[in-house]
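The values are calculated or read from the model by the stated rules, or taken from the named source; none is laboratory data. As the structure is a computational prediction, the values presented were derived from the model and not from experiment. Because the Cβ atoms are built from the backbone with ideal geometry, glycine has one as well, and the counts that use them run over all protein chains shown. Only protein heavy atoms, including side chains, enter the accessible area calculation; ligands, DNA and RNA are left aside. Shrake-Rupley method; radii C 1.70, N 1.55, O 1.52, S 1.80 Å.
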Amino acid sequence: MVRSVTPLPGALAPGESGPAARLALAEQLLACEDPRQCARHAVTWLAREARLGRALVAGRSPEDEEQLGGWAGHGLDEDAVESFVLPLSQSKHPLVAAFRTGEPAALPAGAQALSPLEGAAHVAVPLAGAALLLVEGDLPLAPAVEWCAAQLSVRLGELLARAAERREWAARERELERHRARAHELEDRVQEATAELVVQNERLRRQAIALEQASAAKSQFLANMSHEFRTPLNAILGYTTLLLQGVGGELSAAQRRNLERVDTNGRHLLEVITDILDITRIEAGRMPLHVTEFEVPELVQEVVAELAPLVQRSGLEVSTQFAKRLPPVHADRAKVKQIAVNLLSNALKFTHAGSVRITVGYQAAGGNLVTLAVSDTGIGIAPENHEKIFEDFQQVDASPTRPYGGTGLGLSICRRLAEMLGGKITLESQPGQGSTFTLHFPRRTRRT
């Protein structure tokens with residue numbers, strides 16, 4: 001049987017090819033890079049050195065690797081060599097069996113249509129899983145034939161391995177080229193997206209400038225109009241106060257009642273104008289901070305006293321609760337008071353029965369935070385409206401027929417003032433279960 005050996009000349013039996021001849025074939029095979037050329041060198045050597053009448057090498061077809069075709073022959077018609085085709089799908093064919101198993105197979109004389117060597121006994125020798133060597137004779141093979149088959153098998157195996165490597169490298173190169181093309185495509189897309197992003201950023205920058213200018217113009221307009229409104233309104237309120245004090249003479253009950261209505265509505269309008277002015281001043285950064293030291297409980301009691309008329313009209317119980325060992329705070333007292341007044345006013349406004357509680361707490365850990373919470377048992381606020389009520393001119397019910405008045409600026413101003421203090425306002429509320437608004441601010445406000 002065929003064995004894989006290195007192409008070195010071995011010991012010869014008497015009458016066989018000499019070392020020089022074997023060395024010459026080995027050198028020819030090593031120098032040859034074409035499997036068909038190797039096959040031609042082998043059959044020529046066998047015809048000369050082994051005295052073979054006919055021989056054929058059939059290998060895989062380049063067009064179809066699932067069939068064997070004639071590569072080289074000796075003692076055969078050239079057309080017979082070139083026209084020889086053996087489909088490897090014919091598993092029961094003895095030549096295919098030899099090729100698949102890698103074991104030499106002997107074919108008897110007169111085996112019709114099995115190979116071009118029909119008419120004489122011959123042997124099929126598989127070569128490296130890539131070809132078959134057909135030689136006249138029987139098993140066991142002559143030493144020269146076995147040696148030649150082994151050398152050809154080794155060389156074909158090397159060439160096939162190189163071809164497989166080249167195919168693999170070619171496939172990798174094609175894949176790499178596809179990746180390069182894809183990378184170039186992605187790079188082009190990134191460049192296009194980057195260019196588009198630059199255009200969009202420039203458009204957004206211009207829009208932002210336009211919005212800032214529009215916002216500044218709006219703030220300036222509101223500030224100017226607020227001042228324009230306040231001047232005549234203060235005059236109206238001043239003269240109304242003088243008339244109510246009897247400077248112009250005694251007033252009848254109807255006149256006094258009408259003037260009191262003018263005074264009440266005028267002061268309400270003044271509050272609205274003041275709120276608008278506060279917002280414009282905060283937005284423009286012209287609202288200063290006046291940090292002083294004060295006691296929060298004292299401030300809360302002051303707020304409750306100022307809103308006593310509202311408390312009496314509401315019929316609600318207003319209670320206060322202060323944390324023990326509550327230290328004095330360093331913050332803008334006027335702004336803290338403004339927030340407290342607004343939160344308590346809202347609690348009284350939206351609570352028809354029950355109570356209102358003001359709780360002041362202090363957390364020494366986590367930033368020395370002071371909390372001022374106003375809790376009521378009023379109508380409550382749905383979670384989807386928690387953020388809405390802190391926006392400018394927004395109310396839960398904004399319809400013209402809403403039962404509660406107001407401009408929707410109070411909580412918006414409170415949030416802005418809380419942020420100026422370095423704090424925030426949180427809300428916990430559910431419809432029908434009351435609300436708790438809590439001001440969180442540091443015990444020491446940083447000056448800006």
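Quick look at the numbers
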{"item": "Share of carbon and sulfur in the accessible heavy-atom surface of the chain [1.4 Å probe, %]", "result": "55 percent"}
{"item": "Environment charge at residue 209 (Cβ cut-off 12 Å; Lys +1, Arg +1, Asp -1, Glu -1)", "result": "+1"}
{"item": "The stretch 218-309: GluC sites (Glu not before Pro) in DSSP coil with no more than 11 other Cβ atoms inside 10 Å", "result": "250"}
{"item": "In degrees, nearest ten, helix 143-244 long axis to first principal axis of the chain (Cα)", "result": "10 degrees"}
{"item": "Relative contact order of the stretch 271-386, pairs being alpha-carbon contacts under 8 Å that are 6 or more residues apart, as %", "result": "25 percent"}
{"item": "Surface accessible to a 1.4 Å probe, per residue, for the residues of the stretch 235-288, Å²", "result": "63 Å²"}
{"item": "Under the Karplus curve 6.51 cos²θ - 1.76 cosθ + 1.60, θ = phi - 60°, whole-Hz ³J(HN,Hα) for the stretch 53-62, x wherever Gly or Pro sits", "result": "x, 9, 8, 8, 10, 10, x, 4, 7, x"}
{"item": "Estimated dipole of the stretch 59-141 in Debye, rounded to 20 [Cβ of Lys and Arg +1, of Asp and Glu -1, Cα centre]", "result": "380 debye"}
{"item": "Student exercise, the chain dipole from Lys, Arg, Asp, Glu Cβ charges, in Debye to nearest 20", "result": "2440 debye"}
{"item": "Accessible area per residue, Å², the stretch 80-232 with all protein chains present, probe 1.4 Å", "result": "60 Å²"}
